[in-house]
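Written below as structure tokens is the structure these notes are about.
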Amino acid sequence: SVVAMMSKLSSSPIKTFSIGFDDPRYNELAYAKRVAEHFGTVHTEFVVKPAMMDVMPELVRRFGEPFADSSCIPTYYVSKLTREHVTVALNGDGADESFAGYDRYLAVVLSEYLTKACAIIPARIWNRVVAALPAHQDQRAFLYRIRRFLSAIKGPFGQRYKRWMSSFSDLDLEQLYLASCHEEIQSAQGSDEVIALLNVSETADVIKLLLGTELQSYLPGDLLVKMDITSMANSLEARSPFLDHTVVEYAWALGSQYKLRGICSKYILKKTFKDILPREILGRKKTGFGVPVRQWFMHELKDYVKEMLLDRDAFGSQYFNCAYIENMVNEHVTGRWNHDRSLWTLVALELWYRHCFKN
């Protein structure tokens, strides 16, 4: 939609840029090219290889804090690619948070009904049922998402949302931390910021509640930090039309039925652009800017992960159960279980520690 409006307003062909991967499940280049052809843009694309981990030390230095969103790497590369041609670029940040674009919004609505229906089932029995479901390695597979969805059904709304957004569950953290460290953290930590945001509103509209929370947490705490740091690292100015305050205010005033209607996300945007964008683009399922971390950690970056996390002098050895981490690594590299999000988080933490305290 941003490309469509730019093309409409420009007297000459606009320039577009896109990043892809060798893994077809994470590669959207064909769709980006379809849009580029539809609007006659001057299109440039780049395929990211697993060796892109080489840029992580530079990104850690730029962020200056532990940052575990793996999409910072392709964002860095697309910024680098774009800067070779222009100094200012537009992106689509903010559309999902204003118009309910993520799958989790639908999950939240469904979970409200299922939580009540499953209330009569004891938590320990429910957990056994979920654990009995066959595991799937691909994060984007239907079975993987169903298992993750059901694992958080038992519990208050805020806890469900937190589980879906987290790399580690509370049970995982109990096993990850050394006992003394876990007790100290439990006694020292204050209130959970995201849970607090979810609890301040009295609205019965869970979609509006969730959108308001993400506009104040996920967007400024993750996505905008990622875009700002990676673009500025390449001297590129990135601007977000969907975050123009008039757009955000207009979207906020709309009822949730205009954002999520049935299983159709971003409903009003799709209606608005139905005669402008190619049909196959409008009808596509939400993909997200994912990275094939699972495959990389199983193959090309297997030794890298082991060196980072299983080293005797690793940061984690001071606070974490090394046997638990080693088991996670072994389960992942042998394909028995998918721990890509958890392992990536630990790698990002280790890189930050080495940069700040060992250099």
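Assuming R0 = 56 Å, can you tell me the calculated FRET efficiency for the pair residue 179 and residue 5, based on Cβ-Cβ distance, to the nearest 0.05?
It comes out at approximately 0.50.
In the range 292-323, which trypsin sites (Lys or Arg not before Pro) are in a loop and have at most 10 other Cβ atoms within 10 Å, using DSSP for the loop call?
Taking the range 292-323 and a limit of 10 other Cβ atoms within 10 Å, the loop trypsin sites (Lys or Arg not before Pro) found are 312.
As I understand it, the dipole of the chain uses +1 on the Cβ of Lys and Arg and -1 on the Cβ of Asp and Glu, about the Cα centre. Which of 46, 197, 269 lies farthest toward its positive end?
The residue sitting most towards the positive pole is 269.
Starting from the amide H of residue 239, placed 1.01 Å from N in the peptide plane, find each other amide H under 5 Å away whose residue is 5 or more places distant or on another chain.
89, 90, 91
About its Cα centre, how strong a charge dipole does the chain have in debye, to the nearest 20, once Lys and Arg get +1 and Asp and Glu get -1 at the Cβ?
1360 debye
Dipole of the range 1-67, Cα-centred, from +1 at each Lys and Arg C-beta and -1 at each Asp and Glu C-beta, to the nearest 20 debye?
So the magnitude is around 260 debye.
Report the one residue of 325, 301, 215 whose Cα lies farthest in the direction of the positive end of the charge dipole of the chain (charges on C-beta: Lys and Arg +1, Asp and Glu -1; origin at the Cα centre).
Checking the options against the dipole of the chain, the answer is 215.
If you roll a 1.4 Å probe over the heavy atoms of the protein chains, what accessible area per residue do you get for the chain, in Å²?
I get 53 Å² per residue for this part.
With +1 on the Cβ of every Lys and Arg and -1 on the Cβ of every Asp and Glu, and nothing else charged, how large is the dipole of the range 209-359 about its Cα centre, in debye rounded to the nearest 20?
Value, rounded to 20: 800 debye.
Can you tell me the length gained on complete extension of the stretch residue 302 to residue 46, counting 0.36 nm per residue apart and subtracting the Cα distance?
89.8 nm
Restricting to Cα pairs below 8 Å that are 6+ residues apart, what does the relative contact order work out to for the chain? Please round to a whole percent.
Over the chain, the number comes to 27 percent.
Would you report the distance distribution of C-alpha pairs in the range 32-102 as whole percents per 5 angstrom bin, up to the bin with the largest distance?
All Cα pairs, binned at 5 Å, distribute as 3, 11, 18, 20, 22, 16, 7, 2, 0 percent.
For a quick protection proxy, order the peptides 18-25, 212-219 by their average other-Cβ count within 10 Å, most packed first.
212-219, 18-25
Under a 10 Å cutoff between Cα atoms, tell me which one of 247, 305, 293 has the largest fluctuation in the Gaussian network model of the chain.
Highest fluctuation among the options: 247.
Using label points projected 7 Å from each Cα along Cα→Cβ, tell me how many nm separate residue 336 and residue 54, to one decimal.
3.5 nm
Per residue of the range 271-288, in order, report the coupling 6.51 cos²θ - 1.76 cosθ + 1.60 (Karplus, θ = phi - 60°) as ³J(HN,Hα) in whole Hz, putting x for Gly and Pro.
Per residue, the Karplus-derived 3J(HN,Hα) values read 5, 5, 9, 5, 9, 10, 8, x, 4, 5, 7, 4, x, 6, 6, 4, 10, x Hz.
Would you mind telling me the share, in percent, of accessible area of the chain contributed by carbon and sulfur at probe 1.4 angstrom?
Here carbon and sulfur together make up 55 percent of the probe-accessible area.
Taking the alpha-carbon centroid of each part, what is the distance from the range 22-90 to the range 287-359 in angstrom?
Their Cα centres are 23 Å away from one another.
Based on the alpha-carbon gyration tensor of the chain and its eigenvalue square roots a ≥ b ≥ c, which shape applies: rounded if a/c is under 1.5, prolate if not and a/b is larger than b/c, or oblate?
Oblate, because a/c is 1.5 or more while a/b does not exceed b/c.
Could you derive backbone 3J(HN,Hα) for the range 230-243 from the dihedral phi with the Karplus parameters 6.51, -1.76 and 1.60 (θ = phi - 60°), listing whole Hz in sequence and x where the residue is Gly or Pro?
6, 6, 5, 4, 10, 6, 10, 9, 9, 10, 10, x, 5, 9
For residue 356 and residue 216 in one chain, what is 0.36 nm times their gap in residues minus the Cα-Cα distance, to one decimal in nm?
Using 0.36 nm per residue and subtracting the Cα-Cα distance, I get 47.6 nm.
Starting from the Cα-Cα distance between residue 90 and residue 170, subtract it from 0.36 nm times their residue separation and give me the gain in nm to one decimal.
Extra length available between residue 90 and residue 170 comes to 25.0 nm.
List the residues, sorted by chain then number, that are 5 or more residues from residue 261 or on another chain and whose placed amide H is less than 5 Å from its amide H.
HN-HN under 5 Å from residue 261: 267.
Of the listed pairs 8/286; 15/271; 286/358, which have alpha-carbon separations greater than 30 Å here?
286/358
As a check on your grasp of the helix formula, calculate [θ] at 222 nm for the chain: sum -39500 (n - 2.57) over DSSP H runs of n ≥ 4, divide by the residue count, round to the nearest 500.
Estimated from H runs of four or more residues: -15500 deg cm²/dmol.
The values are calculated or read from the model by the stated rules, or taken from the named source; none is laboratory data. Quick caveat: nothing in here was measured; it's all calculated off a predicted structure. Glycine gets a Cβ as well: all are built from the backbone with ideal geometry, and neighbour counts include every protein chain shown. Accessible surface areas use protein heavy atoms only, side chains included; no ligands, DNA or RNA. Shrake-Rupley method; radii C 1.70, N 1.55, O 1.52, S 1.80 Å.
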